[in-house]
């Protein structure tokens, strides 16, 4: 209400502000209180209540220092610096800018805190330029520029380059000044600001003015004419329009020695300055007009305008302009030339002394600030030393505790180690007994296998031969029955042989020659069945390193599939292949038999056995069959069940047998 209700009387707005201040102090949150007090202090300033502003601002400073809250402390000094700057107290403004910088430097590094530091440095550079501390100002401006460049803040990058151009001009480096102005101009198109046109005009005016100061009057004339071609300049920025008219008039006067057009331009500028009371250009325009009239031969009017220029320069404390006017008056007013000359030298001495004093004052401010920084560093180090001492004592106590606990734990570990050694000895004895038990079991299995093979199989073979002899005699019915018995005996014989091989070789010796066993199986089947068989395998896989379960079940899957093909497929050719694909061990058995419809009919015991064995090794079973086109059985076993070994043979598949 106090800030925005401009229609209310000043006394009522002030009462609202005092109430807001009481509400702010009633808050228990220091951060909120300080933020509100900063806003209240600025509102006092907008109401032209400098006492209320300074009092509230001081309270913010005290509270911020007591609570080590550097953000509001920095803002309070920044506001105070702006206040003094607006009243021309630049040395006090510089002091508070320096304090604000110290506060912002204590903030954690972030884009926001970096921007705050750079903005303060830029403002310090402007004040240093006012007192011709060009080297100090250049340090402040370049430091600010480096930060703004890192942040990508194009508006403020432009401002810094513009300030550096002004500083280089003050140092007498005209070429460097023009270079900085051109660099500033390169950033205008990147500025996201509705007043970008104003920056274009400002930049063009700065370049033109530097050319004028460098006495390159012809280039300055071209540059000012380009600026004044923009019709929006007069409508938008009458002060800059007046400055440009004054400068263009002087550039034409100096470059072409013409009178008429420069006189019109200067009269227009003087008229604008008087209408808007633009004091900054009044003295310059009247000085140039006096020079023009003197060249025209109108010495009396020239002297009058020169004196008016001197009066305005004195009023505005524009000492640089005053020096130039005094120099002009020594030429126009010969009787009083000595008087003007003495005034010129006295003023020049005063200016130089003031500049030295101000520079020394800025140096003292920096020195005092640096001393405060050093004291803070010393205090910080002392706190670190005390903290280190306390930390050392804590570490010593913890170390002692750890050593004692470690000693106790070591004794416990020694006891556990002895206990583990005893347990290991017991375990080794158990393993020894288990090994002997396993050895006995294998011997017993071998004995049973030999008994089955050499005893029972021999006797059953004799029975089959006798029955075969009897089959040659008798009627047809007897022959048929005997043939059936003989077939049954042959199947029993085959089963017993299978059991014998399992016990003696496959199960417990784990197929130490797995591929050889498969080759023998396929070869034997081919000879007994008359079906052409081919068997290939991937040599990259070290087959004998396969787990026993995989070898046994793979062998049985092949065996059962061959048996099914003989019984049902009526095929002429069978192809068996072992390899690896997509990270799996892959077994494929393909025949060219009659095939069948996989969606109809029940699966026989042979096929169910195959599926059961595939599941045992976590494999995937697939069967494809079409009537008249044969059958393909595929089994994929996960990669974790195999151990790949680099093959010496460059070929991936080796034909083991092709009959």
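Suppose the filter is touching a helix residue (DSSP H, G or I) at 6+ places or on another chain (Cβ under 6 Å) and modelled with pLDDT under 85; does residue 500 pass it?
The answer is yes for residue 500.
Rundown of residues vs (1) closer than 23 Å to residue 494 by Cβ; (2) in the same structural domain as residue 636 (by TED's automatic domain parsing); (3) outside any loop (DSSP other than H, G, I, E, B), yes/no style:
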{"residue": "516", "(1), (2), (3)": "yes, yes, yes"}
{"residue": "537", "(1), (2), (3)": "no, yes, yes"}
{"residue": "590", "(1), (2), (3)": "no, yes, yes"}
{"residue": "600", "(1), (2), (3)": "no, yes, no"}
{"residue": "618", "(1), (2), (3)": "no, yes, no"}
Give just the number: which of (1) surrounded by fewer than 19 Cβ atoms within 10 Å (Cβ to Cβ); (2) more than 23 Å from residue 196 (Cα to Cα) does residue 138 not satisfy?
(1)
A careful count of residues in segment 171-199 that are in a helix (DSSP H, G or I), within 26 Å of residue 132 (Cα to Cα) and more than 32 Å from the chain's Cα centre (by Cα) gives 10
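Please tell me if residue 327 is under 21 Å from residue 288 (Cβ atoms), at pLDDT 80 or above and not in a helix (DSSP H, G or I).
No.
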Just the residues that are within 18 Å of residue 234 (Cβ to Cβ), in a loop (DSSP other than H, G, I, E, B) and out of contact with any helix residue (DSSP H, G or I) (no Cβ under 7 Å at 6 or more places or on another chain), please, taken from segment 264-315.
277
Within segment 180-198, residues touching a helix residue (DSSP H, G or I) at 6+ places or on another chain (Cβ under 8 Å), closer than 20 Å to residue 219 by Cβ and exposed (fewer than 15 other Cβ atoms within 10 Å of the Cβ) come out as 182
Within segment 547-567, work out how many residues are within 58 Å of the chain's Cα centre (by Cα), over 16 Å from residue 612 (Cα atoms) and buried (at least 21 other Cβ atoms within 10 Å of the Cβ).
0
Applying the selection to segment 2-61, what residues are loosely packed, with under 12 Cβ neighbours inside 10 Å and under 40 Å from the mean Cα position of the chain (by Cα)?
28, 29, 32
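The values are calculated or read from the model by the stated rules, or taken from the named source; none is laboratory data. Here the structure is a predicted model, which is why all the values come from computation and not from measurement. Please note: Cβ atoms are built from the backbone with ideal geometry, for glycine as well, and neighbour counts cover all protein chains shown.
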